[in-house]
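Each remark here refers to the structure printed beneath this line.
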There are 2 protein chains.
Amino acid sequence: MSSTLPSPLRSITVLSGGVGGARFLRGLLHGIRTGVLPGVSADARVTVIANTSDDLWLHGLKICPDLDTVMYTLGDGIDPERGWGRRDETWHVNEELSAYGVENTWFGLGDRDVATHLVRTQMIEAGYPLSEVTRALSQRWLEPTYGEGLRLLPMTDDRTETHVVIADADLDRSPSGKRVIHFQEYWIKLRASVPAESLIFVGLDESTPAPGVVEAITEADLVIVPPSNPIVSVGTILGVPGIREVLRATSAAVVGLSPIIKGHHVHGMAEQMLTSAGVEVSAAGVGLLYGSRSTGGVLDAWLVDSSDADDLVRLSEAGLTVAAVPLLMSDADATAAMAAEAISAAGRAR
Amino acid sequence: MSSTLPSPLRSITVLSGGVGGARFLRGLLHGIRTGVLPGVSADARVTVIANTSDDLWLHGLKICPDLDTVMYTLGDGIDPERGWGRRDETWHVNEELSAYGVENTWFGLGDRDVATHLVRTQMIEAGYPLSEVTRALSQRWLEPTYGEGLRLLPMTDDRTETHVVIADADLDRSPSGKRVIHFQEYWIKLRASVPAESLIFVGLDESTPAPGVVEAITEADLVIVPPSNPIVSVGTILGVPGIREVLRATSAAVVGLSPIIKGHHVHGMAEQMLTSAGVEVSAAGVGLLYGSRSTGGVLDAWLVDSSDADDLVRLSEAGLTVAAVPLLMSDADATAAMAAEAISAAGRAR
């Protein structure tokens, strides 16, 4: 199922989580605009298929952290220091919820951010699917800058939530000795500081791809798996029944970039999640987890950081076209260069 | 049904709207604490029956302006300049709703205030009646300061909304030449700048008093009608089927204070509402609208401002015990003095 690339490339689909995926997308779009991507049309269209398994209902609000991080990042509303949430944010709603004694105020619920959740919640409760809601929100964040050049899709319109099983020594609260918490609570409240004994992907098995998702993979000229979390971001996208099969069948090349550099993630919590899943925490481990399409996996090509060049042999032997290049997304130019390398590697994939 | 007052007074019930009622209540409670009210026990309990016909659903949130104004004012959370909403408030949620193109951002929806609405909305949607929700919110705002000494009740747990009929020259939008808008839109967005052709009290006829309301009137030692709007605040409380009858039957004296001074309201929009209802815009007009319990009305005594002493004869002839005293709630001491005058007048009522 490998391919040389169409020329020029007009259609690129990216499977994205939150911060890492959003930063990669910013670089990719910067690269398209500045013409530094080999063989990519200046009017190439990018479709983002975003993880929604981090989504949660909190304080009566439907919150979609990864969709929002992508929207805010690409729409220039993101707080650049934190990498999530809104610039010039205030936190009075959350302060007051705490003052009322409301639980679950660990979530970083900013005041500006609340407006997004209010709009989304009202549309969801009025019966609109999440994909329509996302399109409506994108009219503010993405259309003014990118027009038809960028489309943001949730992976599914169905409710899916990643939950984490942790040990709990408080046997009054947890007679089994274990407790199940939402992924966001594990990540934000506990800072992933205790082992995740296992993950439960609630609803994922029964979910279906959102409208446009299958076509975005089937009709793409290139599919990119950015340096997002391979378990709880890309892994959940691949867990929507049908998506893995479509990825394996598409005539587009599929290229990925390692979120692990020298055994550590750059953003997020890939290390903890890989450990929990029993996967080797390395650029090779993630590449082999995704696997080559020639052997039942989902990738044609895999990029590791220059410092992980030692991993190339194992990956190549597993059927992947590989390259070791700088993978630190330090700014939009550096990230565009990563995108260029990904496209070059995809072009070399057989 | 008139009475001399029990001694000491242990139980006072107040029918309140928003800003005017809340300021009166602050003075009344200040007067109890400082012992300046004649014959009132230091541990007298105050029950507030608040108008809920201003309530609205906005952006998916259940908002109760009068309940909140009373809570925030008595709980020292109010913005003292505006008289409504929270101190140290920010407005980012509303700014962002505007940026999304959401309609109805004319409502003064502050960020801190949003937390109150989120808590209330979740409880309402979980099935709790408004009276229970109000009790829960009061645990933060009222209990720490007043303990058992203050209880805030909505007039009804049922949904009632005051709507306003206005002329609309845009016949494409309003083929009838008229348009019906929520009272809050009339008041806040239009600043009551166009005539209210009529008022529609949606749901009021079918509402029932909230738990505790009837008892609070029946078992009170004194009922006070503070200087609140006689049409859209006190008028709607009196419009809940049963409340007017209980007021007429209670053994407690009922005393009111005019919200109109020299033909003008001090706060709010009583002038416009009285005009719309065809009532004389004067201290006498409001007193006669409420009427004496000796002739089918709801009051025993009525206070007008010193500057309206000319109205006393008409009011007295209508069966009301009257006094002309300073009615400007310029601070808590002045307001406590008004409460003292109201209690004195109630004691003189026959």
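Summary table
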{"read-out": "Residue, most open to solvent (accessible area, probe 1.4 Å), within region A:19-58, restricted to residues that are part of a loop (DSSP other than H, G, I, E, B) and over 16 Å from A:Glu185 (Cα atoms)", "value": "A:Val36"}
{"read-out": "Criterion (within 12 Å of chain B (Cβ to nearest Cβ), open to solvent by less than 20 Å² (accessible area, probe 1.4 Å), hydrophobic (A, V, I, L, M, F, W, C) and under 19 Å from A:Ala136 (Cβ atoms)) met by exactly one of A:Leu74, A:Leu67, A:Leu61", "value": "A:Leu61"}
{"read-out": "Residues located in region B:107-127, provided they are away from every other protein chain (no Cβ under 13 Å) and modelled with pLDDT of 95 or more", "value": "B:Gly127"}
{"read-out": "Filter result for the condition that a residue is out of contact with any strand residue (DSSP E or B) (no Cβ under 7 Å at 6 or more places or on another chain) and in contact (Cβ under 8 Å) with a residue 60 or more places away in the chain, over B:Leu204, B:Leu222", "value": "B:Leu204"}
{"read-out": "Helices (runs of 4 or more DSSP H) wholly inside region B:84-149 that include at least 3 residues being crowded, with 20+ Cβ neighbours inside 10 Å", "value": "B:92-99, B:111-125, B:130-141"}
{"read-out": "For B:Leu5: the one exception among (1) assigned to a strand (DSSP E or B); (2) open to solvent by 10 Å² or more (accessible area, probe 1.4 Å)", "value": "(1)"}
{"read-out": "Residue within region B:309-325 that is surrounded by 24 or more Cβ atoms within 10 Å (Cβ to Cβ) and part of a loop (DSSP other than H, G, I, E, B) present", "value": "yes"}
{"read-out": "Residues located in region B:326-350, provided they are in a helix (DSSP H, G or I) and of a type in the set (Asp, Glu)", "value": "B:Asp333, B:Glu341"}
{"read-out": "Conditions (1) touching a strand residue (DSSP E or B) at 6+ places or on another chain (Cβ under 9 Å); (2) polar (S, T, N, Q); (3) under 30 Å from B:Gly85 (Cα atoms): number failed by A:Thr52", "value": "(3)"}
{"read-out": "Residue check for A:Asp158: open to solvent by 30 Å² or more (accessible area, probe 1.4 Å) and more than 14 Å from chain B (Cβ to nearest Cβ)", "value": "yes"}
{"read-out": "In region B:160-200, residue modelled with the lowest pLDDT [restricted to those that are among the basic types (Lys, Arg) and over 24 Å from B:Pro230 (Cα atoms)]", "value": "B:Arg173"}
{"read-out": "Exclusive hit being buried (at least 16 other Cβ atoms within 10 Å of the Cβ) and either closer than 30 Å to B:Asp43 by Cβ or polar (S, T, N, Q) (or both), set B:Val214, B:Val180, B:Val164", "value": "B:Val214"}
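Quick grid of which residues meet (1) within 10 Å of chain B (Cβ to nearest Cβ); (2) β-branched (Val, Ile, Thr):
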| position | (1), (2) |
| --- | --- |
| A:Arg86 | yes, no |
| A:Leu97 | yes, no |
| A:Asn104 | no, no |
| A:Thr134 | no, yes |
| A:Gln139 | yes, no |
| A:Ala167 | no, no |
| A:Pro175 | no, no |
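The values are calculated or read from the model by the stated rules, or taken from the named source; none is laboratory data. This structure is a prediction, so every number in the text was calculated from the model and none was measured. Positions of Cβ are backbone-derived with ideal geometry, glycine not excepted, and every protein chain shown enters the neighbour counts. Only protein heavy atoms, including side chains, enter the accessible area calculation; ligands, DNA and RNA are left aside. Shrake-Rupley method; radii C 1.70, N 1.55, O 1.52, S 1.80 Å.
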